[in-house]
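Written below as structure tokens is the structure these notes are about.
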Amino acid sequence: MTLRQQNDLLISSGPKPRVKVLLPLPLADAYDYGVPEALELAPGDFVKVPLGPRQAIGVVWGKVPQGAESSVSEDRLKDVILRMPAPPLPEESRQFITWISAYTLAPPGAVLRMAMSVPAALEPEKPRIAYTNVAALPDIRMTPARRRVISLLQDVPPLAPMDIAREAAVSTGVIKGLAAAHALAQVNMPPATRFPEPDPDTPGPVLSDAQTKAVQAIQSRNDGFSVTLLDGVTGAGKTEVYFEAIADALRGGRQALILLPEIALSAQWLERFEARFGARPAEWHSDLTQSRRRSTWRAVAEGKARVIVGARSALFLPYPDLGLIVVDEEHDSAFKQEDGVAYHARDMAVVRARIGDFPIVLASATPSLETVNNVEIARYERVSLPARHGAAALPDIELIDLRQHQPGRQSWISPPLRQALTETLKNNTQSLLYLNRRGYAPLTLCRSCGYRLQCPNCTAWLVEHRFSARLQCHHCGYAGQRPEICDSCGATNSLVACGPGVERLAEEVMNFLPDARLCIATSDSLRKPSDAATFVAQVLNHEIDIIIGTQIVAKGHHFPKLTLVGVVDADLGLAGGDLRAAERTYQLLHQVSGRAGRDHEPGRVLLQTYHPEHPVMQALANGDRDGFLEAEAQARTVGGWPPYGRLAALIVSGRDSDTVSGVARALARCAPNNTGVRVLGPAPAPLAILRGRHRWRLLVKVDRNISVQDQLRKWLPKVAIPNAVRVQVDIDPQSFL
Ligand code: ADP
Ligand code: ZN
């Protein structure tokens, strides 16, 4: 410190400047820290601060005005240690975090944690070292290996040690030895991963009139915030339309984000993007390597990644210049995150667009009732693509009444579906058999005592996976061997598989079509994007005749030779008391039907059902989506269910059953008793035990003009929650398990 600075300090020896620092922890608020004299801090700066005995990285959330009241006295105030060498968290991202926290009732730090999922990206990048020859070779012992290295580097730019080792056929030890002897010079290289800029002016396909109109409609509103529903049947060419919106964002120098529900399914999408823009977009999903996550996060923050395609968590990347979001398959329930901060990525994407004052496009063939309602009340604009692109027609959907066309014993494929599969194989086109059940059988029971094999940690049956010879719980991941004898009565050879999973269907198909080439496609078999890419290539090359798959194959794919879709159990999703059961079933079955006949050959869809008269089945068979939506809307209006009312779920959980039910009842006792507010429950959750935790649920239902958050904010603090119990708030719940 200079004398002058010391003097200044003496003169202005008022309180030290303070900032609020939000830490990525589930804390109620930002903490105060002192700003050391040498540091200039601005909101958004990432800083390292002391936290108890540790250090933590947080974000400067704001300055504390001089003289403002603070909970921390001057002598207990700790100082910020340093500012991290990273671009600050943009103001829009900070507003977004604050907004989500207020909406979901999650602590702001818990939301911030989603935006700081890659702490390594805040640290300086480790230099990538390369070597080149020195100007004057020192006098060292030469070996043939050393000579090869020197001569290699004579003609090429600096190389990384790994590359030198490969090209000169030497061990890295040789390179280290040369470097230590100062016979090679070390050079720092720029980062390895590059994010090439997609070029909006790479020529795309010639758009149809309908597509051109849709593009113009979207373009006419791309100044400032707007929400456009891009509504069109499967295969209508929606992707090409929103590609033009992306091109516009790029031309305007902005970043674009595309959210896809299932990034593992995006292989074909990525190829189309590359064909249109001449470069791949940056990807963001849970399957990236740590170093890829780091470089992507950083490239987004520095504005070097211009187009990002990702899963819902991509919303939380630190875009300095986001100018467009596209949510493809906007109705998909995979956009809802249930763990931790419970949020719906589609809805939050709309919020993000409003904060950033830019357009957002929601694309779907089966838009959610929420979105359709928003169109009706003129909050969102609808742009329609009424027909399939080109010559392709929508497939014919036929219902197979299982009461009339019973499959044989221990069999699930009815005679008409068998025949259709046989004919399709004969015609040398492809089929998809759809059943949303992984594994071999959803239930195993003992023939002599009726005991059902259940997960030790959850209220769930164990699912037999015969190919991996295991019994699995699909809720907690428990896996065990199939026992030889019944755990309950000790009988041997008494355990039998009940009901079909995709593996069992494959067994059945093999019996009557032994020559067909089958492929089982589930989240087990297509775990990684590379598996999915291989699968897609095999289908496109017609190395597969019949795909037997779960919902992982229902969406997005474009398989020109696929002409038959058979839905084995169309009723499956209708069971259970979920308020969206009918809507979801319609969406899913429509999606899976949409896989058929996407090219010249017409498609055919057979739905096996015990309830052919059900409105969902009728709407599918008659292609009457809008009639179905109207009926759904009618039913929900009457009950005041979303989107005509608001819901919040409380999930009370803990290891001890009595404590959990006690808290749930205590919450119910002081529940709000206002007009327009109803509290349903408490009741044990349908999934009454999950991962060893007992679960109870309450459901809060309020009129649309009432803030459910305000109700919860007043209500929840009234009950003291013991440490061993967790009360999870789920605003706009999608799952009621
Ligand atoms: P959607 O996203 O609505 O389901 P897609 O965008 O996948 O539909 O389009 C269906 C098929 O039609 C794809 O194979 C796509 O490449 C093709 N297609 C769409 N628009 C055009 C176009 N303008 N020119 C040529 N092919 C197109
Ligand atoms: Zn389990």
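Just the number, please: carbon plus sulfur as a percent of the accessible area of the chain, 1.4 Å probe, no ligands or DNA/RNA counted. Could you put the intermediate results ahead of the total?
Details: 17160 of 33580 Å².
The nonpolar share, carbon plus sulfur, comes to 51 percent.
First check a/c for the range 128-189, with a ≥ b ≥ c the square roots of the eigenvalues of its C-alpha gyration tensor; if it is under 1.5, answer rounded, and if not, answer prolate when a/b is larger than b/c or oblate otherwise.
On the way: a/c = 1.42, a/b = 1.15, b/c = 1.24.
Rounded is the answer for the range 128-189, as its axis ratio a/c remains below 1.5.
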Distribution of pairwise C-alpha distances over the chain, 20 Å bins, in %: 14, 41, 34, 11, 1
Residues whose placed amide H lies under 5 Å from that of ALA685, excluding near-sequence neighbours: ARG695, TRP696, ARG697
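Calculated FRET efficiency, SER523 and GLU274, Cβ-Cβ r, R0 22 Å, to nearest 0.05?
Working: r = 25 Å, r/R0 = 1.15.
With a Förster radius of 22 Å, E is 0.30.
Counting only other residues whose beta carbon sits under 14 Å from that of ALA353, what net charge do I get with K and R as +1, D and E as -1? Write down the numbers at each step before the final one.
Values: positive: ARG221, ARG254, ARG346, ARG352, ARG354, ARG379; negative: GLU92, ASP223, ASP321, GLU330, ASP347, ASP357, GLU381.
With Lys, Arg at +1 and Asp, Glu at -1, the neighbours total -1.
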Accessible area in square angstrom per residue, the range 644-731, 1.4 angstrom probe: 49 Å²
Rounded tilt (10° steps) of 502-512 against the dominant C-alpha axis of the chain: 40 degrees
Cα-based Rg and Dmax for the range 439-499, where Dmax is the largest Cα-Cα distance (Å): 10.6, 28
Reachable aspartates and glutamates, given that their alpha-carbon falls under 14 Å from the alpha-carbon of LYS78 and they are not under 8 places away in the same chain: ASP32, GLU37
Positive-end extreme of charge dipole, the chain - chosen from SER735, VAL64, LEU250 (charges on Cβ): VAL64
Amide H within-cut-off set for LEU432, under 5 Å, with H built and near neighbours excluded: ILE547, LEU564, VAL565, GLY566
Size of electric dipole in the range 64-113: Cβ of Lys, Arg +1 and of Asp, Glu -1, about Cα centre, debye, nearest 20: 220 debye
ASP209, ASP599, ranked by accessible area, largest first (probe 1.4 Å): ASP209, ASP599
Karplus (6.51, -1.76, 1.60) ³J(HN,Hα), θ = phi - 60°, over the range 590-599, in Hz, Gly and Pro reported as x: 5, 4, 5, 4, x, 6, 8, x, 7, 10
Expected 222 nm ellipticity per residue - DSSP helices of 4 or more, -39500 (n - 2.57), all of the chain, to 500: -9000 deg cm²/dmol
Counted charge near LEU574, where neighbours are those whose Cβ lies closer than 12 Å (Asp, Glu -1; Lys, Arg +1): -2
Cα gyration tensor category, rounded, prolate or oblate, for the range 385-432 with a/c compared to 1.5: oblate
FRET efficiency, ASP321 to ARG452 (Cβ-Cβ, R0 51 Å, nearest 0.05): 0.35
Cα-based helix-to-principal-axis angle, 144-155 vs the chain, degrees rounded to 10: 90 degrees
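Shape verdict for the range 60-168, please, from the Cα gyration tensor: rounded (a/c under 1.5), prolate (a/b greater than b/c) or oblate.
Details: a/c = 4.88, a/b = 2.80, b/c = 1.74.
It comes out prolate by the Cα gyration axes.
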Unpaired by the 4.7 Å Cβ criterion, cysteines found in the chain: CYS476, CYS498, CYS519, CYS670
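Relative contact order (percent) for the chain, with alpha-carbon contacts under 8 angstrom and 6 or more residues of separation? All intermediate terms of the calculation are to be shown ahead of the outcome.
Numbers: 1416 pairs, mean separation 78.3, N = 737.
RCO, the chain: 11 percent.
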Over the range 510-641: Kirkwood hydrodynamic radius from C-alpha pairwise inverse distances, Å: 16.3 Å
Under 11 Å, Cβ to Cβ, from ASP332 - net charge with Lys/Arg +1 and Asp/Glu -1: +1
Total charge dipole magnitude, the chain, about the Cα centre, Cβ charges on Lys, Arg, Asp, Glu only, Debye to nearest 20: 1960 debye
Area of CYS498 that stays accessible when all protein chains are in place (1.4 Å probe, Å², to 10): 40 Å²
Rg in Å to one decimal, and Dmax rounded to a whole Å, for the range 14-109 via C-alpha atoms: 13.1, 40
Loop-located chymotrypsin sites (Phe, Trp or Tyr not before Pro) in the range 180-268 whose Cβ has at most 11 other Cβ within 10 Å (DSSP): none
Reference-scaled alpha-carbon Rg (2.2 N^0.38 Å with N residues) for the range 209-385: 0.96
Folded to 0 to 90 degrees: helix 625-639 orientation relative to the chain principal axis, Cα: 80 degrees
Cut-off under 5 Å, modelled amide H: who pairs with LEU207 long-range: none
Estimated vicinal HN-Hα couplings, Hz - the range 327-334 in sequence order (Karplus 6.51, -1.76, 1.60; Gly, Pro = x): 10, 8, 6, 4, 7, 5, 6, 5
Equivalent-ellipsoid semi-axes of the range 644-731, from the Cα gyration tensor, Å, largest first: 23, 13, 10
Efficiency of FRET between VAL134 and LEU540 - r from beta-carbon atoms, R0 60 angstrom, step 0.05: 0.70
HN-Hα J in Hz across the range 176-189 - Karplus 6.51, -1.76, 1.60, θ = phi - 60°, x for Gly and Pro: 4, x, 5, 5, 5, 8, 6, 9, 10, 9, 8, 10, 8, 9
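The values are calculated or read from the model by the stated rules, or taken from the named source; none is laboratory data. All of these numbers come straight from a predicted model, not from anything done at the bench. Neighbour counts run over all protein chains shown; Cβ positions are idealised from the backbone, glycine included. Keep in mind that these areas ignore ligands, DNA and RNA; they rest on the heavy atoms of the full protein, side chains included. Shrake-Rupley method; radii C 1.70, N 1.55, O 1.52, S 1.80 Å.
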